[in-house]
Amino acid sequence: MLLRSTLFILIFLWLAGVFSELLLHVSNVFSFLRFFTGGFYSAVCHQNPSKVIEYGGFSTLVCARCLGIYFGALSAALLNLFRKINLPDVKLFYFASLIMFTDVVFVKFSVYSYNKNIAFLSGIFWGMILFAYISVGLSTLIHDLRTVQEK
Amino acid sequence: MKKYLSSFVCGFGAGVMQIVPVAKSFSCCLIIPAAAYLSILLDRKSTGSTGRIILSRGLMLGLFTGLYAALFGSIFELLITFITKTNDIVSAFPELHSMISSFPISEELREQIHMMLNNVYDDIKNYGFSWLYSFSVILNNLAVNSIFGSLGGLVGVQIINARINKSGRHN
């Protein structure tokens with residue numbers, strides 16, 4: 001339960017950082033957060049202005065697809081708090097990856113123009129599956145390390 | 001070094017992809033985890049291993065991929081800044097100043113931060129290099145890439161192991 005709660009909190013904080021522009025306007029207390037997060041998220045996302053989600057004059061610090069991935073991971077982490085998630089079939093992972101990859105390729109080859117909603121939704125699905133792999137992987141790793149220590 | 005040669009190769013590739021604008025926009029935050037996954041595959045090829053992979057081995061390969069990517073990514077970024085004498089900090093300089101002005105801090109501290117930023121701006125504009133900027137880029141990349149690399153390694157091992165399990169059941 002400790003691992004599951006920790007994962008949820010970490011993902012929640014990571015996602016909160018994405019919205020730090022909004023938090024900055026809520027209170028000046030968060031201004032430091034925005035100062036540091038700008039650089040932090042640039043290491044994991046291109047932050048292309050045409051691909052980030054804008055809301056009331058603010059914008060997220062990652063693109064719609066990345067935001068979808070993190071939202072998906074957070075939703076799965078929340079579910080994981082109430083019911084332990086098992087490792088999904090690898091086919092499901094391939095399927096989610098295929099959806100996202102198809103969207104990326106179609107946009108690149110101008111089959112259709114970039115759509116934030118599609119990018120976000122494809123990210124959510126992938127993020128949920130990915131979280132299951134991370135969560136199960138970490139708990140297995142901890143279990144393995146404990147077993148080695150006991151021996 | 002030889003033990004993590006696959007991480008070195010994939011980390012280098014990811015470092016390049018993090019910098020090249022077209023490549024960067026293609027795969028976004030998936031670059032480092034994908035590189036970690038590839039490094040596990042490459043490691044299996046090079047060692048000729050066909051059995052299940054231990055999670056800790058995948059984690060280490062992923063971690064090293066992230067670290068190498070951070071190292072190469074930072075070098076390339078600093079090199080580009082040195083050649084072009086401009087970067088994100090320079091282009092967002094006015095915005096940064098106004099942001100600092102809104103910080104709930106003492107006037108003295110604010111002045112010091114403004115001065116520090118001005119020094120970074122001047123150094124980059126004049127010489128294409130700033131110690132503070134270089135330090136922040138390296139630290140930033142090391143922190144983020146090592147986390148994403150480790151996660152990529154962890155996920156990658158499970159995907160490969162699931163494939164091995166399936167093929168084992170079919171045989």
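This ranking places A:ARG83, A:ARG65, B:ARG57, A:ARG4 by how few other beta-carbon atoms lie within 10 Å of each, fewest first, which gives A:ARG83, B:ARG57, A:ARG4, A:ARG65. Write out the trypsin sites (Lys or Arg not before Pro) in region B:59-146 meeting two conditions: DSSP loop, and at most 16 other Cβ atoms within 10 Å of their Cβ. Of the trypsin sites (Lys or Arg not before Pro), the ones in loops of region B:59-146 whose Cβ has at most 16 other Cβ atoms within 10 Å are B:LYS85.
For B:VAL20, the amide hydrogen comes within under 5 Å of no other amide hydrogen, counting only partners 5 or more places away or on other chains and with H modelled in the peptide plane.
The label-point distance for A:LYS108 and A:MET1, in a model that sets each label 7 Å from Cα toward Cβ, rounds to 4.6 nm. Using all pairs of distinct alpha-carbon atoms, the Kirkwood hydrodynamic radius of region B:32-171 works out to 17.7 angstrom.
Given a cut-off of 25 Å, what percent of all Cα-Cα pairs of chain A lie beyond it? Here the tail beyond 25 Å accounts for 39 percent of pairs.
Its residue count N fixes a reference of 2.2 N^0.38 Å for region A:68-140, and the Cα radius of gyration divided by that reference is 1.20. For chain A, the mean residue ellipticity at 222 nm estimated from helices alone is -24500 deg cm²/dmol, where every DSSP H run of n ≥ 4 contributes -39500 (n - 2.57) and the total is divided by all residues, rounded to the nearest 500. Ordering B:ASP88, B:ASP43 by the number of other Cβ atoms within 10 Å of each residue's own Cβ, fewest first, gives B:ASP88, B:ASP43.
Against chain B, whose longest principal axis is taken from its Cα atoms, helix B:131-170 shows a tilt of about 20°.
Dipole check for chain A: with +1 at the C-beta of Lys and Arg, -1 at the C-beta of Asp and Glu, and the Cα centre as origin, the magnitude is about 160 Debye.
Checked against a 32 Å cut-off, the cross-linked pairs B:LYS3/B:LYS166; A:LYS91/A:LYS116; A:LYS51/A:LYS84; A:LYS51/A:LYS91; A:LYS151/B:LYS2 give Cα-Cα distances beyond that limit for A:LYS51/A:LYS84. For region B:86-127, the Kirkwood radius over C-alpha pairs fed into Stokes-Einstein at 4 °C and 1.567 mPa s yields D = 121 µm² per second.
Per-residue ellipticity at 222 nm computed for chain B from its helices equals -28500 deg cm²/dmol, with DSSP H segments shorter than 4 residues left out and the rest contributing -39,500 (n - 2.57). If the convex hull of the alpha-carbon atoms of the protein assembly as shown is projected onto planes in all directions, what is the mean projected area in square nanometres? Result: 19.8 nm².
Bear in mind these aren't lab numbers, they're just calculated from the coordinates by the rules spelled out. In this text the structure is predicted, and so the values were computed from the model without any measurement. Reconstructed Cβ throughout: ideal geometry from the backbone, glycine too, with neighbour counts over all protein chains shown.
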